[in-house]
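The values are calculated or read from the model by the stated rules, or taken from the named source; none is laboratory data. This structure is a prediction, so every number in the text was calculated from the model and none was measured. Quick reminder, even Gly has a Cβ in these numbers, built from the backbone with ideal geometry, and neighbours come from all protein chains shown. In case anyone asks, the SASA skips ligands and DNA or RNA and just uses the protein heavy atoms, side chains included. Shrake-Rupley method; radii C 1.70, N 1.55, O 1.52, S 1.80 Å.
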Amino acid sequence: MNEEKEPKIIGFLCNWCSYAGADLAGTSRIQQPPNVRVIRVMCSSRIKPELVLKAFKNGADGVLVAGCHPGDCHYMDGNYYTRRRFVILKKFLEYVGIDPRRFRVEWVSASEGMKFKEVVEGMTNELKDLGKFELQ
Amino acid sequence: MSDIEKNLRAEAKKLLEEKKVDYVIGYEESNGKVSPCFIDNAKDVEKLVFNPGCVHNLSVYLLEADAENKVGIVAKGCDSRAIIELIKQNQVIRDNVFILGISCDGVKDLLGKDYDKCKNCKYPVPLIYDVLLGEKKEGKEEDYSDVEEIESMSLEERKKFWNKQFEKCIKCHACRNICPLCYCEECALDDKNWVSKSHKFPEIWMSHLIRALHTAGRCVSCGECERACPVNIPLRKLYRKIGKDVKELFDYEAGVNAEDVPPLVAFDLDKDKEKIKQN
């Protein structure tokens, strides 16, 4: 794998659904691009916008936030806040000139190993087309 | 002397004499320049003025009042929205402030030009007040053309535009310090885990974006940040984008109704499902 050309994706995955989903993808031996660096968080609503900005600042080409499907949150209503928070962030990033495809919010449940693979694959391919992320 | 000014002095005098408030925050004029002033003696009320130079949003000084202080404050329409927001966020106790609301005709800078915020002012009459001075009047239509102008640029152009603006920043933090809604005792901008003290890229990009996102659903577009900025970064255009999105998506406007729940700590199951398409 050519390190220079491969996009780096920081994935914030919620402990209860998306992390388990990613785990399932692994234990089921589903082939997927190795571009996501996973950070496990207890809930997708734990992620503040600063964390996403910091990922970009420190050289991530894309950021993925994944949590339980709305209605399935382990903490009842955490991801309803996530949904509101990140729709604002996404529109705002677009406003300051960052391609919206570089930031994704996805709902992946613990049984959706296949969906996780599709998300990662889709995002990696998109980022390959977009090229390296440069702030300036 | 205008009627408003005369009534303002009379009201302030009454408040101080009856000891309803400990002090009144208002405007004074010296050497042709208007500045905020604090009056705690009924004899000094003659200092109070109100004219088109009174641009300052005085609500920021409410944050410095002690919990037991009762404060009288002069507020224009835009300032009153900040006060509502402060009450909503439990920073100010409603019973501790006496609001001298002023129906405003717009304020002007030192060259006599209208401020941007006055060109499309939706609420010239304060939305919350104990006494209203001046006539009630209609506000103008909401106008987001400044934001739309930037939205119509291409991604590359927008990036260039904002980076050029951010590059000017000397990180004096005036925008934060003058903002009435920036009341956090520990600010993320002082935390070196988020941003270092450098005023170069990418730190400067980071600090502006953090501040913008922290004002989401709170910013009342009073324009004080833009006025205080020594290098003229169009901050209001930056923050108003979020205001616009919040209005469109959650049907919420900051500082209009003290009963509303702030949009990012609330959710509406049916509407959110319909309106928010993530990708």
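Descriptive notes on the structure:
- Among the conditions (1) open to solvent by 30 Å² or more (accessible area, probe 1.4 Å); (2) closer than 23 Å to A:I47 by Cα, B:K237 misses just one, which is (2).
- For beta carbons closer than 7 Å, sequence separation of 6+ or different chains, a first residue in the stretch B:1-24 that is farther than 20 Å from B:D95 by Cβ and a second that is charged (D, E, K, R) and open to solvent by 100 Å² or more (accessible area, probe 1.4 Å), the qualifying pairs are B:R9/B:E46.
Every residue, every condition in (1) under 14 Å from A:K48 (Cβ atoms); (2) small (G, A, S); (3) in a helix (DSSP H, G or I), yes or no:
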residue	(1), (2), (3)
B:F201	no, no, no
B:I204	no, no, yes
B:S207	no, yes, yes
B:S221	no, yes, no
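- Residues located in the stretch A:94-115, provided they are open to solvent by less than 10 Å² (accessible area, probe 1.4 Å), assigned to a helix (DSSP H, G or I) and in contact (Cβ under 8 Å) with a residue 40 or more places away in the chain: A:G113
- Restricting attention to the stretch B:143-162, the residues that are under 21 Å from the mean Cα position of the chain (by Cα) and at the interface with chain A (Cβ under 9 Å from one of its Cβ atoms) total 1.
- Taken over the stretch B:25-80, the criterion of being small (G, A, S) and in contact (Cβ under 8 Å) with a residue 12 or more places away in the chain is satisfied by B:G26, B:S35, B:A42, B:G53, B:S59, B:A65, B:A67, B:G72, B:A75, B:G77, B:S80.
- Subset tally (residues that are assigned to a loop (DSSP other than H, G, I, E, B), at pLDDT 90 or above and open to solvent by 20 Å² or more (accessible area, probe 1.4 Å)) for the stretch B:20-39: 2
- Of all the numbered requirements in (1) more than 14 Å from chain A (Cβ to nearest Cβ); (2) modelled with pLDDT of 90 or more, B:K140 misses one, and that requirement is (2).
- Only one entry in B:L155, B:L213, B:L209 is surrounded by fewer than 19 Cβ atoms within 10 Å (Cβ to Cβ), out of contact with any strand residue (DSSP E or B) (no Cβ under 7 Å at 6 or more places or on another chain) and more than 19 Å from B:D79 (Cα to Cα), namely B:L155.
- Hits in the stretch A:57-89 (condition: under 30 Å from B:F201 (Cβ atoms) and either open to solvent by 30 Å² or more (accessible area, probe 1.4 Å) or over 15 Å from the mean Cα position of the chain (by Cα) (or both)): A:K57, A:N58, A:G59, A:R84, A:R85, A:I88
- Pick from the stretch B:185-199, criterion surrounded by 15 or more Cβ atoms within 10 Å (Cβ to Cβ) and part of a loop (DSSP other than H, G, I, E, B), ranking: farthest from the other protein chains (Cβ to nearest Cβ): B:H199
- In the stretch B:86-139, the residues that are open to solvent by 30 Å² or more (accessible area, probe 1.4 Å) and of a type in the set (G, A, S): B:G112, B:G134, B:G139
- Residue in the stretch A:48-57 that is at the interface with chain B (Cβ under 10 Å from one of its Cβ atoms) and in contact (Cβ under 8 Å) with a residue 60 or more places away in the chain present: yes
- Within the stretch A:116-136, the set of residues being within 11 Å of another protein chain (Cβ to nearest Cβ), of a type outside the set (V, I, T), more than 16 Å from B:W162 (Cβ to Cβ) and open to solvent by less than 30 Å² (accessible area, probe 1.4 Å) comprises A:G122, A:M123.
- Residues (at pLDDT below 90, more than 10 Å from chain A (Cβ to nearest Cβ) and assigned to a helix (DSSP H, G or I)) located in the stretch B:234-270: B:D270
- Residues located in the stretch B:163-176, provided they are facing chain A (nearest Cβ under 10 Å), more than 10 Å from B:L235 (Cα to Cα) and open to solvent by less than 30 Å² (accessible area, probe 1.4 Å): B:N163
- Among the conditions (1) among the charged types (D, E, K, R); (2) closer than 29 Å to B:D251 by Cβ; (3) within 14 Å of chain A (Cβ to nearest Cβ), B:K117 misses just one, which is (3).
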